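Below: the structure, in structure tokens.
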Amino acid sequence: MAHLCVNIDHVATVRQARRTYEPCPLRAAREAMAGGAHGITVHLREDRRHVQDADVLALADEHRGRLNLEMAATDEMVAIALRVRPVMAMLVPEGRHEVTTEGGLDVLSQEARVREVIARLAAGGVRASIFIDAVPAQVEAAARCGAAVCEVHTGPWAHAVHDHGDRCDAPAAQAELAKVREAGRAILAAGMQFNAGHALNCLNVGPVAALPGLGELHIGHSIVSEAVFVGLRESVARMRACIDRAAAGVHSTA
């Protein structure tokens, strides 16, 4: 059964809109864990647009062994990861003009750099993950670089579902799901952990959560969005229920 790691970046986004002290990401992490999350995910961006260094330090201190740090493959971020020692550091692409991460890291074009960063993280006891598109060549490159985990970008699946009336069975959506499934198989065959995330919500998460061998789902925006209406603890609990039902369905028919 896939674990749910809740990304709380958007809680920090609301705080930074006023450059104030509320809402508190640390409190958000506590509520997420109380709602059934297995872990907490944050992205410390180079421009510090939402999560701040102090947030990462506080989260690492309180949620030792449950914090996932998303980061660019820069010397500054490697140094921070080695200092806070998250349970996992995920390398992601980063653009100053993007609203959110727009795709997977192009490992193929920078294998030497990615391999170096992963080796430095591993030497410091930090497990490395890479956020990639559902492309076989990217899976192969990640394996060559020594990644322990690959998180497959589920944005194309989620957008295809939305664009076709929230129908998960739409042919275009099923084609995107097949890409994620095949990438997952390749990741597992290469000896890496298969994770997934991006743009997932309670309408589209089920088919992804049901994929064989899935380790973790990293979900943030939809959970925080729903929390505006029902509270963060309840929003996490609802997402967790959707994931658990999907996984249980697979086991019952296996």
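Dipole orientation for the chain: of the candidates T154, L67, Q16, L67 has the Cα lying most toward the positive pole (charges on Cβ; Lys, Arg +1; Asp, Glu -1).
Report the net charge of residues surrounding A160, where surrounding means a beta-carbon distance below 12 angstrom and charges are Lys +1, Arg +1, Asp -1, Glu -1.
-2
Once the C-beta distance of R64 and V14 is scaled by a Förster radius of 25 Å, the resulting FRET efficiency is 0.45 to the nearest 0.05. Between E70 and V42, H43, L44, M90, the built amide H atoms are under 5 Å apart, and every one of these is 5 or more places off in sequence or on another chain. Available extension along the chain between F229 and D244 is 3.2 nm, counting 0.36 nm per residue and deducting the alpha carbon span.
Out of all Cα-Cα pairs in segment 137-190, roughly what percent, to the nearest whole number, are more than 19 Å apart? Present the calculation step by step, with values, prior to reporting the outcome.
On the way: 504 of 1431 pairs.
Counting every Cα pair in segment 137-190, those more than 19 Å apart make up 35 percent.
Quick one: if the Förster radius is 22 Å, what FRET efficiency do H162 and D53 give, using the C-beta to C-beta distance and rounding to 0.05? About 0.05, to the nearest 0.05.
Based on alpha-carbon atoms, the Kirkwood radius and the radius of gyration of the chain give Rg/Rh equal to 0.94. When the Cα positions of L121, Q110, M33 are compared along the charge dipole of the chain, M33 comes out farthest toward the positive end, with charges on each C-beta of Lys, Arg, Asp and Glu. Just to confirm a number: summing +1 for Lys and Arg and -1 for Asp and Glu over residues other than E62 whose beta-carbon lies under 15 angstrom from that of E62, what do you get? Summing Lys/Arg as +1 and Asp/Glu as -1 gives +2.
Largest first and in whole Å, the equivalent-ellipsoid semi-axes of segment 57-161 read 22, 17, 13, each the square root of five times a Cα gyration tensor eigenvalue. For segment 138-254, the dipole from Cβ point charges (+1 on Lys and Arg, -1 on Asp and Glu) about the Cα centre works out to 200 debye, to the nearest 20. In vacuum, with every alpha carbon of segment 1-115 counted as one equal point scatterer, what does the Debye formula give for log10 I(q)/I(0) at q = 0.22 Å⁻¹? Two decimals, please. The Cα Debye sum returns log10 ratios of -1.33. Assuming charge only on the beta carbon of Lys and Arg (+1) and of Asp and Glu (-1), the dipole of the chain about its Cα centre is about 580 debye to the nearest 20. Within the shell defined by Cβ-Cβ distances under 13 Å, the residues around G191 carry a net charge of +1, with Lys and Arg each +1 and Asp and Glu each -1.
Readers should treat all values here as calculations from the given coordinates under stated rules, not as data from a laboratory. None of these values were measured; they are calculated from a predicted model. Ideal geometry is used to build each Cβ from the backbone, glycine not excepted, and the neighbour counts take in all protein chains shown.
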